[in-house]
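**Q** Have a look at this one.
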Amino acid sequence: MASPLDQFVIKPIIPLGKIGASEIAFTNASLFMMLVVGAIGLFFMAATSQRALVPGRMQAFAEMLYEFVANTLKSAAGKEGMQFFPLVFSLFLFVLTANFMGMIPGAFTVTSHIIVTFALAMLVFLTVIGVGFAKHGTHFLGLFVPGGAPAALVPFLVVIEVISFLSRPISLGMRLFANMLAGHIALKVFAGFVVSLGALGIGGILGATLPLGMIVALTALEFLVAFLQAYVFTILTCVYLNDALHPGH
Amino acid sequence: MSEQNKQAGRASAKPEASAETELSARLRDIDARLASIHAERTTADALKGVLQADGTAMARGMKLVSEFVAGIAAGGMLGWLIDRFAGIQPFGLLIGLMFGFAAGLRNLYRATQGQSGAVQPKAD
């Protein structure tokens, strides 16, 4: 029986040489990231090629996606938040498509690797810091000073708030990664039960219907999680951008 | 409701015995079919409820755990970095972990309060 972790192994496809001691290669992770971006690009090119006043099915879907993200961003970060729409929309589509593409049997799930989700989270985090300082200067640091605290406690609270702020990209990246990893491992573990029970003869095959039913239920749940985690990632991005745009509110 | 139907049917079908048995047989049939539909529906509802509760509870738990652990990790990392650069070996990590714990609790509090900003709105 294959290990349930085999699906996460990164395999080099085209070796590109070495930088120092680390091998640089075009891997299956790179391939699937390119597939995700390619799928998004192709979908939107096809969906927007008509540019009809009355949208067709694909154009309507593309418009729904746009409005869904735009409304999320507007409600979390206000009208000024719309200047970050390209970033937020790209992040949402990338995470959503990567999650859904991972649900295809045999496909590699890009978002089940913490370095990918952490890189996305750091992108958001550094954007927030950059925008915060560019727009508000040192006033942005007011984010770390809680109002109405006794003066003796303020240094401690500032340290705690700074650490809490630094923990944001960690929790943002870890949540998406942990959800995708756990879901895919659970699916593979139950699938493994089916195979090993099925090898035990007629009684085993009858018993194997139970984990098989479980896989069907888990697959449905995983589709829900795939969408939900992309949405959570997006909404937290919007909330953090709101902090950069309006610190102290 | 089916019980009432049965009684009503029995009352109206008194004159002829054969008609009564036929009617009661049909009523029983309807009763059984209704019961099976009802059972099907409740099990489907229960299954859906379990799946939903499991999914959202799991998501919620995962969210809170990641908030808490991220706080400790960030504090620990910060302390470890201070250790590395200031050369005060264990103390930076120890104090960093403690502050990280506090920050993790702060994250948890904020997550359960449904608050997103780093600080509560100032009274100004």
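The values are calculated or read from the model by the stated rules, or taken from the named source; none is laboratory data. If you're wondering where the values come from, they're calculated on a predicted model, not measured in any experiment. A quick note on method: Cβ atoms are made from the backbone with ideal geometry, for glycine too, and the neighbour counts reach across all protein chains shown.
**Q** Would you mention how many residues in the range A:142-154 are within 11 Å of chain B (Cβ to nearest Cβ) and farther than 15 Å from B:Arg110 by Cα? Let's see the steps before the verdict.
**A** Pass one, the range A:142-154, residues within 11 Å of chain B (Cβ to nearest Cβ): A:142-149.
Among the residues that remain, those that are also farther than 15 Å from B:Arg110 by Cα are: A:142, A:145, A:147-149.
Total meeting the criteria: 5.
**Q** Of all residues in the range A:128-143, count the ones that are crowded, with 18+ Cβ neighbours inside 10 Å and either free of Cβ contacts under 8 Å to residues at least 24 places away in the same chain or hydroxyl-bearing (Ser, Thr, Tyr) (or both).
**A** 0
**Q** Just to check your reading of the model, which residue among A:Leu197, A:Leu241, A:Leu221, A:Leu236 is within 14 Å of chain B (Cβ to nearest Cβ), more than 19 Å from A:Phe118 (Cβ to Cβ) and surrounded by 16 or more Cβ atoms within 10 Å (Cβ to Cβ)? Walk me through how you get there before you give the answer.
**A** On the way: A:Leu197 fails: within 14 Å of chain B (Cβ to nearest Cβ); A:Leu241 fails: more than 19 Å from A:Phe118 (Cβ to Cβ); A:Leu236 fails: more than 19 Å from A:Phe118 (Cβ to Cβ).
The conditions single out A:Leu221.
**Q** While we're here: With out of contact with any Ser or Thr (no Cβ under 7 Å at 6 or more places or on another chain) and outside any helix (DSSP H, G or I) as the only criterion, which of A:Gly137, A:Gly142, A:Gly148, A:Gly183 stands out?
**A** Selected residue: A:Gly148, the only one of A:Gly137, A:Gly142, A:Gly148, A:Gly183 that is out of contact with any Ser or Thr (no Cβ under 7 Å at 6 or more places or on another chain) and outside any helix (DSSP H, G or I).
**Q** Looking at the range A:169-186, is at least one residue more than 14 Å from chain B (Cβ to nearest Cβ) and of a type in the set (Val, Ile, Thr)?
**A** Within the range A:169-186, none of the residues are more than 14 Å from chain B (Cβ to nearest Cβ) and of a type in the set (Val, Ile, Thr).
**Q** Report, by residue number, each residue of the range B:83-124 that is surrounded by fewer than 17 Cβ atoms within 10 Å (Cβ to Cβ), out of contact with any Phe, Trp or Tyr (no Cβ under 9 Å at 6 or more places or on another chain), modelled with pLDDT of 85 or more and under 22 Å from A:Val154 (Cβ atoms).
**A** Result: B:Met98, B:Tyr109.
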